[in-house]
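Beneath this line is the structure, given in structure tokens, with notes to follow.
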Amino acid sequence: MRKIISFMHVSLDGFVAGPNGEMDWVHMDDEIFDDAIELESTKDAAIYGRTTYQMMESYWPTVLENPSSTKNELHHAQWVEDIPKLVFSKTLEEVKWNNTRLICDKVAEEIKKLKYQPGKNMMIFGSPGLTHSFMQMDLIDEYRVNINPVILGSGTPLFKNLKERIKLTLINEKKFMSGVSGLHYRVSKNGKN
């Protein structure tokens, strides 16, 4: 069965965006980008909430045409252009980016159907609001969290409005030269890992 994996950059104090939604504190260098590209090879669908989708849709297609784009940027831009993208939103009326499907309701049922389809795992990129909703519906199977060496003090938290404890098992950890720590956890479902 396919898995839903949340991939998020977070500050040491647990925020995924600053008080005004800023993400200028996220450290992204070639080493971290290479790790993300390696991670992409095990996924065949990107999942976004409305805000992240609109941000990604306005940026990544332009990278393919920008002569100053780096090798890593071009690789990710082509990958995200080609794969299926799922956007969960109650307010968007349409999506125009290549290979994109809009899902407006029956979220849990849609995800369960997608998990049983053939293919690789699916990844939520950022999308904190969607991630919060998926957490509350127990739809996330794994968490990939890159902890950045910064304390924001306030902003959008990674974890919000959880009704019960989520038990996790550490699968892997990686220390980057920049001071970022990558953690990979599996959700323990029904006491199993």
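The values are calculated or read from the model by the stated rules, or taken from the named source; none is laboratory data. Predicted, not measured: the structure shown is a model, and the values here were computed from it. Cβ sites come from the backbone with ideal geometry, for glycine too, and all protein chains shown count toward neighbours. These accessible areas exclude ligands, DNA and RNA; they are computed on the full protein's heavy atoms, side chains included. Shrake-Rupley method; radii C 1.70, N 1.55, O 1.52, S 1.80 Å.
On region 1-111, 51 percent of the accessible area sits on carbon and sulfur atoms, based on a 1.4 Å probe. Net charge dipole, the chain: roughly 1120 debye, given to the nearest 20, about the Cα centre with Cβ charges of +1 for Lys and Arg and -1 for Asp and Glu.
In straight-distance terms, cross-link reach from LYS167 covers every one of the aspartates and glutamates whose alpha-carbon lies under 13 Å from its own, apart from those fewer than eight places away in the same chain; here that gives ASP138, ASP141, GLU142. Under Stokes-Einstein, with the Kirkwood radius over Cα pairs as Rh, the value for region 52-143 at 4 °C and 1.567 mPa s is 89 µm²/s. Among the listed pairs LYS120/LYS163; LYS43/LYS175; LYS43/LYS115; LYS3/LYS85; LYS96/LYS120; LYS3/LYS120, those with a Cα-Cα distance over 18 Å are LYS120/LYS163; LYS43/LYS175; LYS96/LYS120.
Annotation for region 117-166: trypsin sites (Lys or Arg not before Pro) lying in DSSP loop with at most 10 further Cβ atoms inside 10 Å of their Cβ are LYS163, ARG165. Restricted to Cα atoms, the chain shows a radius of gyration and a Dmax of 16.3, 51 angstrom. When you restrict to C-alpha pairs under 8 Å that are six or more residues apart and normalise by the size of region 8-154, the relative contact order lands at 42 percent. Per residue, the chain exposes 56 Å² of solvent-accessible protein surface, assessed with a 1.4 angstrom probe and all protein chains in place. Taking a ≥ b ≥ c as the square roots of the eigenvalues of the Cα gyration tensor of region 104-193, is the shape rounded (a/c under 1.5), prolate (a/b larger than b/c) or oblate? It comes out prolate by the Cα gyration axes.
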